[in-house]
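Visitor: Below you'll find the structure I mean.
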Amino acid sequence: MEEESNEKKNENHRFSEDDENHRKHHNTDHKENHTEHSDNDHHKEHHEKNEVRIDNSPDDKIRKFKNNTKSNPWIATTVILGIVSIVLLIMFLNNGGASKTISGKTAGEKLVEYLNARTGGGVEYVSHDDLGNLFEVVVLFQGQNLPVYITKDGEYFIQGAIPIEATQNVPTQQNQPPQDVVKSDKPKVELFIMTHCPYGTQAEKGILPVYELLGNKIDSNIKFIHYFMHEQPGQEPDETPVQICIREEQSDKYIDYLTCFLEDDDSDRCLTEVKIDKTKLNTCKETKYDDYYAADSALSQGYGVQGSPTLIINGQQVSSSRSPSAFLATICSAFNTPPEECEEVLSTANPSAGFGYTAQAGGTTNSQC
């Protein structure tokens, strides 16, 4: 009995061990299966993330976009504006960005700086006016207001802007000034100017010593261009009649008056100092000036004059520097037999542009109004 009881205990113990082993084995298999299942899920998720799907029905999305556009037209408008904005941006960048136009005041100050560098100083900004494609800048130089011009980007200085109406009947200049001056026994020398063109007054100051030196050995004169550019009170419309009438009716005092006037643009002072007959002058201005000026204008147009100053010798335009020495050499080259006065030594300095007798070593010798 005792042996049978022990045998049963041993058998139960074996069953317990078998059950324990079976439970461990089952748990191990379950864990392995669970791990394998998790790995499979992770692989599937990774595969789905990297999967490239092809939409085989794009027409459906286009149809939906059209339907959305009909119900909300701002969608199409936004798309179109976006495209236009991109195109405009490209054009903007290709054109160098923003416009280079500067303000009139800035352009005026830049031009004054340039003119001071060219003239040695004394140019002051007064005002500016917008002419559309240009700025007209009024500067004060040697006591007079002068209009000059500059492009709106501030890059180019323009010496003069002549109204088309004033030049539409001017014959086109087909020939350049001749290299060889036409010769004669008594050269006819005509300098065409405007009374308030700074380059015209510069040329007058350079040529008057030559006129005085050569005297009646040349047929010399100062003539007036057929249009005005400087029309402020006291300028060309007022001064041209004074000078023409003195030239025509009080010619013995003309050079003295002109020499005085070129000093500071003070006509009243010069009329008194030179002792001009004012009654005779006023009568001429009222009754004869128009005819005198018409004759000058006809010559100016006939020669094809298009700027102040323009030098005409024996009926042809001639180029010359503006120092007394240069004018003397140019005029003397027009004699068949030059007189002894052509051997005189005159100043080689160019007069300053505008009023006043300041000489300058270089200077503006080809500029015109």
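Visitor: Given the structure, is residue 207 within 30 Å of residue 140 (Cα to Cα), surrounded by 18 or more Cβ atoms within 10 Å (Cβ to Cβ) and modelled with pLDDT of 95 or more?
Guide: Values: within 30 Å of residue 140 (Cα to Cα): yes; surrounded by 18 or more Cβ atoms within 10 Å (Cβ to Cβ): yes; modelled with pLDDT of 95 or more: yes.
Taking the combined requirement at face value, the residue satisfies it.
Visitor: Still on this structure: Kindly indicate whether any position in the range 298-311 is among the aliphatic types (A, V, I, L, M) and part of a helix (DSSP H, G or I).
Guide: Yes, because at least one residue in the range 298-311 is among the aliphatic types (A, V, I, L, M) and part of a helix (DSSP H, G or I).
Visitor: Filtering the range 189-213 down to residues that are outside any strand (DSSP E or B) and farther than 19 Å from residue 240 by Cβ, which residue is nearest to the chain's Cα centre (by Cα)?
Guide: 206
Visitor: Also: Just to be sure, is residue 223 at pLDDT 95 or above and under 39 Å from the mean Cα position of the chain (by Cα)?
Guide: Working: at pLDDT 95 or above: yes; under 39 Å from the mean Cα position of the chain (by Cα): yes.
Taking the combined requirement at face value, the residue satisfies it.
Visitor: Out of the residues in the range 313-350 that are assigned to a loop (DSSP other than H, G, I, E, B) and among the β-branched types (Val, Ile, Thr), which is surrounded by the most Cβ atoms within 10 Å (Cβ to Cβ)?
Guide: Filtering the range 313-350 for residues that are assigned to a loop (DSSP other than H, G, I, E, B) and among the β-branched types (Val, Ile, Thr), the one surrounded by the most Cβ atoms within 10 Å (Cβ to Cβ) comes out as 348.
Visitor: Please enumerate the residues belonging to the range 177-209 that are among the β-branched types (Val, Ile, Thr), in contact with an Asp or Glu (Cβ under 9 Å, 6 or more places away or on another chain) and over 15 Å from residue 366 (Cα atoms).
Guide: 189, 195 - these are the residues of the range 177-209 that are among the β-branched types (Val, Ile, Thr), in contact with an Asp or Glu (Cβ under 9 Å, 6 or more places away or on another chain) and over 15 Å from residue 366 (Cα atoms).
Visitor: Pairs needed: first member in the range 217-231, assigned by TED's automatic domain parsing to the domain that holds residue 304 and in contact (Cβ under 8 Å) with a residue 40 or more places away in the chain; second member anywhere, part of a strand (DSSP E or B) and of a type in the set (Asp, Glu); C-beta distance under 7 Å; at least 6 residues apart or different chains.
Guide: 223/190
To keep it simple, each residue is scored yes or no on (1) closer than 22 Å to residue 189 by Cα; (2) modelled with pLDDT of 95 or more; (3) in contact with a strand residue (DSSP E or B) (Cβ under 7 Å, 6 or more places away or on another chain); (4) charged (D, E, K, R).
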position	(1), (2), (3), (4)
236	no, no, no, yes
243	yes, yes, no, no
254	yes, yes, no, no
270	no, yes, no, no
273	no, yes, no, yes
288	no, yes, no, yes
297	yes, no, no, no
304	yes, no, no, no
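Visitor: Can I ask one more? Restricting attention to the range 281-297, does a residue exist that is closer than 22 Å to residue 353 by Cα, assigned by TED's automatic domain parsing to the domain that holds residue 205, buried (at least 18 other Cβ atoms within 10 Å of the Cβ) and among the aromatic types (Phe, Trp, Tyr)?
Guide: For the range 281-297, residues closer than 22 Å to residue 353 by Cα, assigned by TED's automatic domain parsing to the domain that holds residue 205, buried (at least 18 other Cβ atoms within 10 Å of the Cβ) and among the aromatic types (Phe, Trp, Tyr): absent.
The values are calculated or read from the model by the stated rules, or taken from the named source; none is laboratory data. Being a predicted model, the structure only gives us computed values, none of them experimental. Cβ: placed from backbone, ideal geometry, glycine included. Neighbour counts: every protein chain shown.
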